[in-house]
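These notes concern the structure reproduced below.
The values are calculated or read from the model by the stated rules, or taken from the named source; none is laboratory data. Bear in mind the structure is a predicted one, so any value in this text is a computation, not a measurement. Ideal geometry is used to build each Cβ from the backbone, glycine not excepted, and the neighbour counts take in all protein chains shown.
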Amino acid sequence: MEHKGRAKWLPELGAPLREVDRLRRSGRYEQALAQIRQLAEAHPTQLKVLLEVGLTLAIWGRVPEEALPWFDRVLEMAPGHLTTRLHRALTLARLGRHSEAVEDFNTVESVGHRKLLILYTKRAESLRALGRHAEAERDWSRALEEDPGNPWLLHQRARAREALGRLEEALQDLTDALASEAEDSVDPELLRDRGLLRARRGDTAGARADFEEGIARFRQGDPPELLESLRQRLQELQDR
């Protein structure tokens, strides 16, 4: 039985799809891709099979440009398939097609979706890329309602608020982010960015303290350019 081009789910496809997932997760991408393509050829109207082809390409194959047509095929048959619409939005964002991604994120939100944290964070990133900082700040705030105190989200909202000229609020977000981190895992990037904000506000002593602490907190695995940036900013203060 079919409805609007959609075939009724075949329970016997469950086992081969689980095998595809096992292959993907064990690092056998090419074998997984071959098997899921075979399933798609044999069952071209099974939405879950088509979706899994797209996910295999986008996530495990890291070729979003090849995944997008598979998501489109699902949505041609089922425009209201929210999981596919969300993954299409994520794929469009990865391809730099942020305006289209935001439209898809908006559709997912309007219909209702459980994964609000993902929706808000990823839409905020696309909005930031489009220079729509007020809307991005709104989404970072919504994401923080879903995950209060998350230091990464606070950092992102601080950047949006700084872009909007709301420096006091941005500074508070960075301070809150630093306060939420464990003593032995403070992110030196947060200290660098708070130092920059303090310098902009004329708080030279506070900025210097942040840059110095950022250098002291630099961890193995942190990007070397971050350490260089901290040293450069500190030197600029000392040269004044």
Among (1) assigned to a helix (DSSP H, G or I); (2) over 27 Å from residue 63 (Cα atoms), residue 121 falls short only on (2)
Only residues in the stretch 69-81 that are exposed (fewer than 12 other Cβ atoms within 10 Å of the Cβ) count as the first member; pair them with residues that are among the hydrophobic types (A, V, I, L, M, F, W, C), Cβ under 8 angstrom, at least 6 apart or cross-chain, and list the lot. 80/111
Filter the stretch 25-77 for residues that are of a type in the set (D, E, K, R) and over 23 Å from the mean Cα position of the chain (by Cα); which is nearest to residue 8 (Cα to Cα)? 48
Does residue 57 qualify as being buried (at least 20 other Cβ atoms within 10 Å of the Cβ) and modelled with pLDDT of 95 or more? yes
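Does residue 52 meet the test of being surrounded by fewer than 16 Cβ atoms within 10 Å (Cβ to Cβ) and either more than 26 Å from residue 132 (Cα to Cα) or out of contact with any Cys (no Cβ under 9 Å at 6 or more places or on another chain) (or both)? Reasoning before the result, please.
Details: surrounded by fewer than 16 Cβ atoms within 10 Å (Cβ to Cβ): no; either more than 26 Å from residue 132 (Cα to Cα) or out of contact with any Cys (no Cβ under 9 Å at 6 or more places or on another chain) (or both): yes.
Taking the combined requirement at face value, the residue does not satisfy it.
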Could you list, ordered by first residue, the pairs with Cβ atoms under 6 Å in which the first is in the stretch 6-32 and touching a residue at least 12 places away in the same chain (Cβ under 8 Å) and the second is part of a helix (DSSP H, G or I) and among the small types (Gly, Ala, Ser), at least 6 apart or interchain? 20/32; 23/32; 24/32
